[in-house]
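Down below is the structure, laid out as structure tokens.
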Amino acid sequence: MSNPTQSTTPAAPAKRSKTFLIILVLLVVGGAWFGISKYTHSLHHEETDDAQLEANISPVIPRVAGYVNEVRVKDNQQVKKGDTLLILDNRDLSLKVEQTEAALTTAKSSLGSARFSTTAANANILTSRASLGSIDAQIEAAKVNVRRATQDFGRYQN
């Protein structure tokens, strides 16, 4: 009786290893098929995920245009209100200030000339008024002379 039991025991592990090997081969083939199909699908289709980020980002809007001389912050550095972020080249602005100051000086000079011209014009008006009075007196004297000459002419004719 011990002989028949020994003959059935070695057959069971061989059957198990065959089944395990078949399942393993099927899993490898199925995994390979799945991987190849995913790879070929990814060559022609693109997948994206929708995401949303939250951050405290504020736009930097300059008051004046210009070229940057120096940047005083590093990438992703946190800054506070009032921090100097960068230094602009002020040559263009200095030139504009000088031009504006020159225009102001010219305008002040023109204002002085206009005031002088106004004073001179007022003096000319006063002189003209005085001359007008003198001319009026000369006209009256000429009228008197005309009357006298007319009377003298009338007397000499008679």
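The values are calculated or read from the model by the stated rules, or taken from the named source; none is laboratory data. Remember, predicted model here, so these are calculated numbers, not experimental data. All Cβ positions, glycine included, derive from the backbone under ideal geometry; neighbour counts span all protein chains shown.
The set of residues in the stretch 58-84 that are surrounded by 12 or more Cβ atoms within 10 Å (Cβ to Cβ) and at pLDDT below 90 comprises Gly66, Val79.
Residues in the stretch 20-57 that are among the polar types (S, T, N, Q) and surrounded by 10 or more Cβ atoms within 10 Å (Cβ to Cβ) were compared, and the one that is nearest to Leu95 (Cα to Cα) is Ser42.
Evaluate the stretch 25-42: report whether one residue or more is aliphatic (A, V, I, L, M) and either touching a residue at least 12 places away in the same chain (Cβ under 8 Å) or assigned to a loop (DSSP other than H, G, I, E, B) (or both). No, the stretch 25-42 contains no residue that is aliphatic (A, V, I, L, M) and either touching a residue at least 12 places away in the same chain (Cβ under 8 Å) or assigned to a loop (DSSP other than H, G, I, E, B) (or both).
Of the residues Val73, Val60, the single one that is β-branched (Val, Ile, Thr), in contact with a Leu (Cβ under 7 Å, 6 or more places away or on another chain) and either in a helix (DSSP H, G or I) or touching a residue at least 24 places away in the same chain (Cβ under 8 Å) (or both) is Val60.
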